[in-house]
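Take a look at the structure set out below.
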Amino acid sequence: MRKLFVFVLACFIAISAFGQSNIAGTVEWDNMRINAQVTLDLASAGVRLPAGRTHGEALLNGAYLNLIRPSLLALQVDSSTTIGDLVNRGELSLSEIQTLAAGANSVAPSLSPDMRSITASHTISLVNISSRLIRHRNPAPVTRTLSPVSSAQYTGIIIIAAENLPVHGMMGTAMPVPCLFPKLWDTEMNLIYERNTLETSSTTMVRYSGTQGIFQNNNPSGLSPELQEVVGVRPLRIFARGVYGVMPTDLIIDRSDALLIISSEENRRLLSQGRVAIILDDSVLRKTFNAE
């Protein structure tokens, strides 16, 4: 009941600030976060300083909860589903969306130099969103093969998909794009990797990076520190052969590369532990948004 009251109160405050505030931000898939800045015009909101500072901050917070919602609902979950689709299907509630927004790391509001507006910054972790959407308790086993091949023991998997790729079942190509739960297929269209494979909800399926992340000169692996933390120093590097899905989020790899992964218990464990990185074009890794 208390959560419902807070949700209704936040909506009421947000409505009162409608038209007097705006939001601008970026979905950063390479950093797995959403950054947003919300600004409230104090004069339009009828707030007079210094007495109205607390009221102004309350209006600002309510406006943030209202204005960030469309960007959260538009977030791509998998190739055919957004968070908004989950809400429409009853698999996720608006109050849960509100909780995700309210759980952001926030910087205390600050006044503009001319004292006419107040701004606050918020950062929402895509890792936290991913964790909330993983519902299985027991992980699904990673696909195995009856004809294993000899393969080295790798510390992670890197899939390079930074250019237009053939779309499976269609004429034409598409630039791969990120989502929370991309699937991995081989060229025989066997499903190799999907969200239920993960052992724990605290681990994301993949980490995304631009090509600069695999061409570093400051270490023997050539990987950025962020990628090396995920895939280690001896990752298997694979070039994607195609894309699949309503949105081009799912990648297709050659069957021979898939066999290198699924032929040993150690390499299969890399999937269940989420030690996978996908290299995409910089143009798809960050998406800006704004609203009033």
Qualifying residue in the range 226-234 (condition: surrounded by fewer than 17 Cβ atoms within 10 Å (Cβ to Cβ), in a strand (DSSP E or B) and either outside the structural domain of Asp186 (by TED's automatic domain parsing) or touching a residue at least 60 places away in the same chain (Cβ under 8 Å) (or both)): no
Qualifying residue in the range 248-256 (condition: charged (D, E, K, R), at pLDDT 95 or above and crowded, with 22+ Cβ neighbours inside 10 Å): yes
Scope the range 60-77; condition among the polar types (S, T, N, Q) and either assigned to a strand (DSSP E or B) or touching a helix residue (DSSP H, G or I) at 6+ places or on another chain (Cβ under 9 Å) (or both); matching residues: Asn61, Asn66, Gln76
Test result for Ile238, in contact (Cβ under 8 Å) with a residue 60 or more places away in the chain, among the hydrophobic types (A, V, I, L, M, F, W, C), buried (at least 20 other Cβ atoms within 10 Å of the Cβ) and in contact with a Leu (Cβ under 7 Å, 6 or more places away or on another chain): no
Qualifying residue in the range 172-186 (condition: in a loop (DSSP other than H, G, I, E, B) and acidic (Asp, Glu)): no
Of all residues in the range 241-258 being acidic (Asp, Glu) and not in a loop (DSSP other than H, G, I, E, B), the one that is farthest from the chain's Cα centre (by Cα): Asp257
Selected residue [out of contact with any Cys (no Cβ under 9 Å at 6 or more places or on another chain), crowded, with 18+ Cβ neighbours inside 10 Å and not hydroxyl-bearing (Ser, Thr, Tyr)] from Leu73, Leu49, Leu100, Leu111: Leu100
Condition check for Ala162: crowded, with 20+ Cβ neighbours inside 10 Å, at pLDDT 95 or above and in contact with a strand residue (DSSP E or B) (Cβ under 7 Å, 6 or more places away or on another chain): yes
Some residue of the range 200-216 being charged (D, E, K, R), assigned to a loop (DSSP other than H, G, I, E, B) and within 18 Å of the chain's Cα centre (by Cα): no
Qualifying residue in the range 259-269 (condition: more than 30 Å from Tyr64 (Cβ to Cβ), outside any strand (DSSP E or B), in the same structural domain as Arg195 (by TED's automatic domain parsing) and among the β-branched types (Val, Ile, Thr)): yes
Check on Leu223, modelled with pLDDT of 95 or more, buried (at least 19 other Cβ atoms within 10 Å of the Cβ) and outside any strand (DSSP E or B): no
The range 119-144, residues that are of a type outside the set (A, V, I, L, M, F, W, C), within 30 Å of Gln20 (Cβ to Cβ) and not in a strand (DSSP E or B): Asn128
Residues of the range 272-281 satisfying the condition of being under 25 Å from Asn164 (Cα atoms) and not in a loop (DSSP other than H, G, I, E, B): Val276, Ala277, Ile278, Ile279
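The values are calculated or read from the model by the stated rules, or taken from the named source; none is laboratory data. Just so you know, these numbers come straight off a predicted model, no measurement behind them. Every residue, glycine as well, gets a Cβ built from its backbone with ideal geometry; the counts of neighbours run over all protein chains shown.
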